[in-house]
């Protein structure tokens with residue numbers, strides 16, 4: 001086997017649950033091969049570096065062997081190596097600040113002024129790094 005379609009490979013090594021999910025991610029520029037955006041029909045070769053962006057994390061994989069049929073999870077390390085840097089994996093564990101605004105029971109929905117105050121509070125917390 002000389003080459004395998006990219007969408008089929010990503011599905012076979014369990015990076016995506018379905019082949020159509022893999023193809024959609026590739027079409028939406030969430031997958032790059034050797035630093036370049038790819039098409040679902042791109043041929044994968046041994047030694048290729050694949051980067052997959054899922055939410056805020058960019059996972060990196062190296063192709064070790066080619067495979068076109070879906071593999072059991074225990075066999076995946078034979079076909080690809082996860083080379084994702086620890087800094088990317090740490091993004092999964094970022095603590096999220098939660099805000100609980102106490103409102104008296106039975107007071108109904110917030111007024112426009114209360115809603116603006118809430119939005120201003122949330123913007124100050126979540127967008128403070130942009131300044």
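None of the figures in this text is laboratory data; all of them are computed from the coordinates on show. Please read all numbers here as calculations on a predicted model, not as lab measurements. Every residue, glycine among them, receives a Cβ derived from its backbone with ideal geometry; neighbour counts consider all protein chains shown.
Tell me the mean residue ellipticity at 222 nm calculated for the chain from its helices only (DSSP H runs of n ≥ 4, each -39500 (n - 2.57), averaged over every residue, nearest 500).
One gets -8000 deg cm²/dmol as the mean residue ellipticity at 222 nm.
Taking neighbour counts of Cβ atoms within 10 Å as a proxy for exposure, in what order, fewest first, do 11, 37 appear?
Values: 11 22, 37 13.
Exposure proxy ranking, most exposed first: 37, 11.
Normalised by the number of residues in region 4-93, what is the relative contact order in percent for Cα pairs under 8 Å and 6+ residues apart?
Numbers: 160 pairs, mean separation 25.0, N = 90.
Computed value for region 4-93: 28 percent relative contact order.
Using the 2.2 N^0.38 Å rule of thumb for compact globular proteins, work out how the chain stacks up: its C-alpha Rg over that value, please. List each step's numbers first, then the result.
Working: Rg = 21.4 Å, N = 131, 2.2 N^0.38 = 14.0 Å.
Relative to the 2.2 N^0.38 Å estimate, the chain comes out at 1.53.
Based only on other Cβ atoms within 10 Å, what is the fewest-to-most ordering of 61, 9? Intermediate results must be reported in sequence, preceding the final value.
On the way: 61 21, 9 26.
The most exposed by this proxy come first: 61, 9.
If r is the Cβ-Cβ distance from residue 56 to residue 103 and R0 is 35 Å, what FRET efficiency results, to the nearest 0.05?
0.65
Starting with the fewest neighbours, write out 102, 16 ranked by other beta-carbon atoms found within 10 Å of each beta-carbon.
102, 16
So, in nm, how far is label residue 118 from label residue 84 when the simple model puts each one 7 Å beyond its Cα toward the Cβ?
3.3
Can you tell me the order of 108-117, 39-48, 69-78 when each peptide is scored by its average per-residue count of other Cβ atoms within 10 angstrom, highest first? Walk me through the numbers on the way to the answer.
Values: 108-117: 10.0, 39-48: 14.9, 69-78: 11.5.
The packing order, highest mean first, is 39-48, 69-78, 108-117.
What do you get for the angle between helix 112-126 and the principal long axis of the chain? Use alpha-carbon atoms, 0 to 90 degrees, nearest ten.
Between helix and principal axis, roughly 40 degrees.
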